[in-house]
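Read the structure below first, then the notes.
The values are calculated or read from the model by the stated rules, or taken from the named source; none is laboratory data. Remember, it's a predicted structure, so these values are computed and weren't measured experimentally. Cβ atoms come from the backbone with ideal geometry, glycine included; neighbour counts cover every protein chain shown.
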Ligand code: PSV
Ligand code: MN
Ligand code: MN
């Protein structure tokens with residue numbers, strides 16, 4: 001196994017903080033004990049928590065105006081995996097990587113699998129890309145892919161998704177995530193129903209190629225790159241498509257793909273209720289698909305989403321088991337630091353949601369005691385679970401303070417020597 005951060009360095013950095021963490025952990029343990037919560041049970045669940053990193057998130061992102069590359073950026077999927085291994089070494093919460101094809105150029109999938117195995121990394125959902133043309137592509141996606149009026153373009157998009165399934169089988173993935181940029185920019189440009197019918201016909205062909213133990217996740221997005229209408233613009237079109245396709249098709253919720261103020265936690269609840277919650281792309285946003293770091297703006301919203309997820313776990317809801325993943329673009333931070341921070345932020349929301357007194361909440365709900373119901377959630381949200389997160393990392397051999405340990409390791413400066421910048425986007429960030 002290759003570990004890019006020396007275990008001895010992690011131990012040395014942890015040694016400086018371990019005493020404080022133990023003190024804080026004991027204090028929090030006493031506080032939780034007063035509420036009949038065993039802190040070690042919660043820490044064990046925190047240790048189990050995993051969230052995948054997107055391969056494209058390890059490169060510096062950009063906008064359609066400019067991109068400002070950092071030093072030592074990964075230039076290919078192998079280097080993206082090396083960075084992902086660092087993230088997991090320190091955070092101990094990100095053992096899976098989600099690739100994006102053909103952004104991630106691969107000649108030999110068996111070789112890639114052997115390399116990920118050597119880093120103790122696994123593969124999460126495969127993301128297909130039919131929102132741009134590849135060099136020399138015969139039938140363009142300019143006017144859509146799976147819903148294009150041209151059968152040739154549709155067939156190309158279908159075949160790419162079927163190829164993604166084959167590649168995913170070699171990598172050991174079990175999910176295909178389909179997000180398309182299909183839509184229109186002008187009223188009247190597209191016949192809404194015909195376009196959706198074409199999309200569904202194409203998706204049926206992809207669904208037919210799905211192994212029986214795989215899931216097909218459909219990602220909705222309200223706008224961009226089409227700015228008047230988008231084929232799967234919201235969770236309504238998403239769940240309709242998933243229902244039309246069958247039980248292996250589910251909806252994926254990317255937090256940034258909703259209008260500001262949309263009640264995302266309620267969408268999550270609806271999808272859970274109808275066994276259609278496939279997974280998440282976590283990020284945060286102020287305006288639209290900003291792809292900012294998870295929990296950097298709306299930590300309470302993130303907590304409320306986890307309140308629904310933990311509630312489903314608590315009620316042992318049938319068919320529940322979504323994939324968790326980050327989908328972020330890092331324009332001004334070191335992507336490794338942002339991804340570690342974000343994984344911990346999502347883990348924090350999960351852990352805080354575990355602390356909600358659910359029987360009490362149900363009682364307040366049944367009594368219509370709005371104030372105390374809300375206070376019950378706020379109480380859990382306001383508990384600083386940092387000692388639990390730090391202890392979970394410590395117990396698993398990770399870093400108590402991942403960012404400080406990463407900085408102390410000099411990893412970025414070290415890889416910069418082997419990875420000269422080409423000034424280009426490594427990922428084609430959207
Ligand atoms: C689209 O905005 C999206 O959220 C989809 O998940 C894409 O695959 C990803 O971003 C690419 O950055
Ligand atoms: Mn996404
Ligand atoms: Mn997006």
Could you please give the count of residues in the stretch 179-205 that are away from ligand 3 (no atom under 16 Å from the Cβ) and either touching a strand residue (DSSP E or B) at 6+ places or on another chain (Cβ under 9 Å) or outside any helix (DSSP H, G or I) (or both)? 11
Of all residues in the stretch 31-61, which are in a loop (DSSP other than H, G, I, E, B) and within 16 Å of ligand 2 (Cβ to nearest atom)? 51, 59, 61
Tell me which of these residue 282 doesn't satisfy, since it passes every other one: (1) within 15 Å of ligand 3 (Cβ to nearest atom); (2) surrounded by fewer than 20 Cβ atoms within 10 Å (Cβ to Cβ); (3) within 23 Å of residue 43 (Cβ to Cβ). (2)
Does residue 222 meet the test of being modelled with pLDDT of 95 or more, touching a strand residue (DSSP E or B) at 6+ places or on another chain (Cβ under 8 Å) and either more than 14 Å from ligand 2 (Cβ to nearest atom) or assigned to a helix (DSSP H, G or I) (or both)? no
Cβ contacts < 6 Å: first residue within 15 Å of residue 275 (Cβ to Cβ), restricted to the stretch 318-334; second residue more than 14 Å from ligand 1 (Cβ to nearest atom) and part of a strand (DSSP E or B), any location; separation 6+ or different chain. Result? 322/277
Take the residues of the stretch 376-430 that are part of a loop (DSSP other than H, G, I, E, B), more than 16 Å from ligand 3 (Cβ to nearest atom) and at pLDDT below 95: which is surrounded by the most Cβ atoms within 10 Å (Cβ to Cβ)? 426
Kindly provide the set of residues from the stretch 226-239 that are within 16 Å of ligand 1 (Cβ to nearest atom) and either touching a residue at least 60 places away in the same chain (Cβ under 8 Å) or part of a loop (DSSP other than H, G, I, E, B) (or both), ordered by number. 226, 227, 231, 232, 233, 234
Looking only at the stretch 135-159, and only at residues there that are free of Cβ contacts under 8 Å to residues at least 40 places away in the same chain and assigned to a helix (DSSP H, G or I), the one that is farthest from residue 228 (Cα to Cα): 159
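The rows are residues; the columns are (1) more than 16 Å from ligand 3 (Cβ to nearest atom); (2) assigned to a loop (DSSP other than H, G, I, E, B); (3) in contact with a helix residue (DSSP H, G or I) (Cβ under 9 Å, 6 or more places away or on another chain).
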| site | (1), (2), (3) |
| --- | --- |
| 89 | yes, no, yes |
| 97 | yes, no, yes |
| 106 | yes, yes, yes |
| 110 | yes, no, yes |
| 117 | yes, no, no |
For residue 131, state whether it is on the phi < 0 side of the Ramachandran plot, surrounded by fewer than 19 Cβ atoms within 10 Å (Cβ to Cβ) and within 16 Å of ligand 2 (Cβ to nearest atom). yes
Residue check: is residue 176 part of a strand (DSSP E or B) and touching a residue at least 12 places away in the same chain (Cβ under 8 Å)? yes
For the stretch 263-270, state whether one or more residues are away from ligand 3 (no atom under 16 Å from the Cβ), without any contact (Cβ under 8 Å) to a residue 60 or more places away in the chain, touching a strand residue (DSSP E or B) at 6+ places or on another chain (Cβ under 7 Å) and within 21 Å of residue 202 (Cβ to Cβ). no
Here the qualifying pairs (Cβ atoms under 6 Å; residues six or more apart or on different chains; first in the stretch 246-257 and closer than 14 Å to residue 180 by Cα; second modelled with pLDDT of 95 or more and away from ligand 3 (no atom under 16 Å from the Cβ)) come out as 251/239; 251/242; 251/271; 251/276
